[in-house]
Amino acid sequence: RTLVSAAGWIDSTWSVAEIRADKAAKELAQVLASKVHGNRPVTLIGFGIGARLVFKCLLHLSAMGAAGAGIVETAVCMGTPLPASPAEWDRAASVCGHRLVNVYSESDWVLAFLYRSSSFSRYVAGIQEVRSQHPENTVLENVNVTSLVKNHWEYRDKLHALLQVVGLSEGISNLRIENMSSDSEIPIADGVLV
């Protein structure tokens, strides 16, 4: 009985996080498309649920057509709890002017368990390479960080090192990751940077 109730709590908490990330992604896409940031391209970086938010934002921008193009220069998704669907990743890459980077760790058992148990999907972007349907797609990149990230919780602690690995360490020397949870009993281990 305890195992079943724990599984229900995990599933419920995970589902709420996914729903909130998806809603926030749509809002972020709308804000970016309205260009309140000016005409400069942005770089989006997310890990865990934050990577889901970034990825879904890219899909929303793609659905906007010309209004969603030219806004995102680079997007980095680390430990992404989404399918490794080539069609969707190609669509997301279509609105990135320079790079869409899938950062994954083959030893992220937390992501493997949580995502697979809620979606029954065997192919998870955050634990494997994502292949493009188009060999000429040079925007989509994969970076295997298994030697650096042994579990899902290490993305947060090793963010600086991970950004160096993907070549984005310039200008973020004072980066601070804070726990932004308004609900004190639910720790936030995932995040997004814009």
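Taking only C-alpha pairs under 8 Å that are 6+ residues apart, what is the relative contact order of the range 25-80 in percent?
With pairs under 8 Å counted, the relative contact order is 48 percent.
How fast does the range 15-138 diffuse by Stokes-Einstein, in µm²/s, taking the Kirkwood radius from C-alpha pairs at 10 °C and 1.306 mPa s?
Translational diffusion coefficient: 110 µm²/s.
Probe 1.4 Å, all protein chains in place: accessible area of Met78 in Å², nearest 10?
0
First compute the accessible area of the range 14-80 with a 1.4 Å probe, then give the percent of it belonging to carbon and sulfur atoms.
Solvent-exposed carbon and sulfur of the range 14-80 make up 57 percent of the total.
So, counting K/R as plus one and D/E as minus one, what does the shell of residues with Cβ under 11 Å around Val166 add up to?
Surrounding charge for Val166 is 0.
Need one number: nm distance between label points at Thr146 and Val31, each 7 Å from Cα along Cα→Cβ, rounded to one decimal.
Here the modelled spin labels are 3.7 nm apart.
List the lysines whose alpha-carbon lies under 22 Å from that of Lys23, not counting same-chain residues fewer than 8 positions away?
Lys35, Lys56
The values are calculated or read from the model by the stated rules, or taken from the named source; none is laboratory data. A quick note: this is a predicted structure, and the numbers were derived from the prediction, not measured. Neighbour counts run over all protein chains shown; Cβ positions are idealised from the backbone, glycine included. We work out accessible area using only protein heavy atoms, side chains counted, and drop any ligands, DNA or RNA first. Shrake-Rupley method; radii C 1.70, N 1.55, O 1.52, S 1.80 Å.
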